[in-house]
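Quick notes on the structure that follows.
The values are calculated or read from the model by the stated rules, or taken from the named source; none is laboratory data. Computed from a prediction, not measured in an experiment: that's the story for all the values here. Here the Cβ is made from the backbone with ideal geometry for all residues, glycine too, and neighbour counts use every protein chain on show.
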Amino acid sequence: MTINPDEIILFQMGWFKINATIFYTWLIIIFMTLGSWLVTRKMTSEGPLSRWQNLFEVVIEVINKQIREVSRQDPGPYLPFVGTLFLYIAISNILAIVPGYVPPTGSLSTTAALAISVFIAVPAFGIAARGVAKYFKQYLQPTFFMLPFNIIGELSRTLALAVRLYGNVMSGTVIVAILITITPLIFPIVMQVLGLLTGLIQAYIFAILAMVYIASASRVQQEMEQKREQQ
Amino acid sequence: MIIDWYTIIFQIINFLILVFLLRKFLYGPIVKMMEERERKIIEREEEAEAFKKEAEEEVEAYSRKNVELEQQKEEIMDKARSAAEEEKNELLNEARSEVDQTRRRWEEALEREKESFIVELRRRISLQACSLARHCLEDLADARLEELIWKHFMTKVDELAEEDRRELEKGLKDDQYKLNLLSAFDADDSKIKDLKKRLEEIYPDSAEELELKYKKDSELICGLEIEAGGYRVSWNIDSYLEGMESDILKELNQTGSEEEDGEEPAVDQSEDS
């Protein structure tokens, strides 16, 4: 039994290889893009909505609402990044009920890739919102000596993000695999249902945490409010 | 090694591609569509608000107009009422005056009828009285009366005034001295001759030519008449009776008018008291 989908090599040509993680990620990309395109090409702004459009709008609206609550800012600029994090993780976890499918999020490489994306996105959004000087100044807060700890905190939370998601998804798969060997009937199904739930929760947690980090890096509005209070 | 850096880089690229694709196919169109819908809803709401405002204004205008119409109606009704009142009064007055006129006319007609009745009555009474007298005289007329009449007539001829004589003479000349004698009785020749003789005495110039023509006329009530050229000398009861008739009519008219004069003051008195 292989725990790591990275080790399942489907195609290899010299250094170029396609493992299960990459392959299923591509499948998810194709699936999501195609689905989005099929629904959004027939959208209308008035009259009765199609069910799919309605569903998509509800999902987007919920994501926007969450972003707004966490960041207290307009969700517009954060929606593509945070929304994609959530949808990608959620779909790759939900599809785990399909037999033969290996969730890419069960690979530490994928989760690490997402965490690294967040790690890069946080300063990117922060600098975009506040400017370079102001952004890096926060690492010196409250004193210069806090700089190493701030940097460590930044790195450790990225690591935590990656490991948390990986552990949860991978463990779900492993548990099901172990249970099948012990009780082949009924019980694995219950665990799989539980797996769907934890998968969604993990997607939510990952996206929300990413948003929290980004928001804390780009608290323009809060600073302006503080300035207003000082004045 | 759980972490495969090759896969990590691949996955980062994959993730970025997914972000780009979803941004193009999912977030962009849906957000745009939602904003568009929101805008349209707001527009529609504004439109509805405008319509509502317009409708309210319309309603206000209508209610104002209604009040005006009500007032106008009231005014028109008042006018119509007063006009009807006037018309009624006028008609009543007209009817009253008409009734008065009709009554007056009726009264006048009644009065006229009464008067004509009275006149007719008077006339009848006088005629009756005369005819009564005439009958009496006719019944009483006999030879002696005839004698007396002749005698009376003779004296009348004798005592003709100078003027009357001249008139008669003129009449005789016009009629070639032909004298008509009319009598109610059968006259004797001697009496006719006597009359002729008398006349010859009166007109000696024309004595020879004088011719007396006798004719009986029962219309003359116990009377005699000579006539020449339209001039006549006569004596009969008829003339007396005619006089009497006119006397009686005069008398009755007088009493009638006295009665009318006497009634009116009595009415006035009662009104005054």
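Computed values, structure above
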{"quantity": "Unique match (being closer than 26 Å to A:Phe119 by Cβ and either modelled with pLDDT of 90 or more or of a type in the set (Phe, Trp, Tyr) (or both)) among A:Phe31, A:Phe86, A:Phe11", "calculated": "A:Phe86"}
{"quantity": "Wholly within the range A:54-167, helices (runs of 4 or more DSSP H) carrying at least 3 residues that are of a type in the set (A, V, I, L, M, F, W, C) and surrounded by 14 or more Cβ atoms within 10 Å (Cβ to Cβ)", "calculated": "A:84-94, A:108-130"}
{"quantity": "Any hit, the range A:10-21, residues being within 18 Å of the chain's Cα centre (by Cα) and not aliphatic (A, V, I, L, M)", "calculated": "yes"}
{"quantity": "Among the candidates A:Ala112, A:Ala96, residue that is touching a residue at least 40 places away in the same chain (Cβ under 8 Å), farther than 15 Å from B:Arg23 by Cα and at the interface with chain B (Cβ under 9 Å from one of its Cβ atoms)", "calculated": "A:Ala112"}
{"quantity": "Residue check for B:Arg81: assigned to a helix (DSSP H, G or I) and within 14 Å of chain A (Cβ to nearest Cβ)", "calculated": "no"}
{"quantity": "Positions within the range B:19-28 being surrounded by fewer than 21 Cβ atoms within 10 Å (Cβ to Cβ) and facing another protein chain (nearest Cβ under 7 Å), in sequence order", "calculated": "B:Val19, B:Leu21, B:Arg23, B:Phe25"}
{"quantity": "The one condition in (1) away from chain B (no Cβ under 12 Å); (2) among the hydroxyl-bearing types (Ser, Thr, Tyr); (3) closer than 22 Å to A:Met191 by Cα that A:Thr158 fails to fulfil", "calculated": "(3)"}
{"quantity": "A:Lys42, sole failed condition from (1) part of a helix (DSSP H, G or I); (2) under 21 Å from B:Lys40 (Cα atoms); (3) more than 8 Å from every other protein chain (Cβ to nearest Cβ)", "calculated": "(1)"}
{"quantity": "B:Glu201 being among the acidic types (Asp, Glu) and in a strand (DSSP E or B)", "calculated": "no"}
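Conditions (1) surrounded by fewer than 10 Cβ atoms within 10 Å (Cβ to Cβ); (2) within 30 Å of A:Tyr78 (Cα to Cα); (3) more than 9 Å from every other protein chain (Cβ to nearest Cβ), marked per residue:
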position: B:Tyr6; (1), (2), (3): no, yes, no
position: B:Glu43; (1), (2), (3): no, yes, yes
position: B:Glu47; (1), (2), (3): no, no, yes
position: B:Phe51; (1), (2), (3): no, no, yes
position: B:Ile76; (1), (2), (3): no, no, yes
position: B:Glu115; (1), (2), (3): no, no, yes
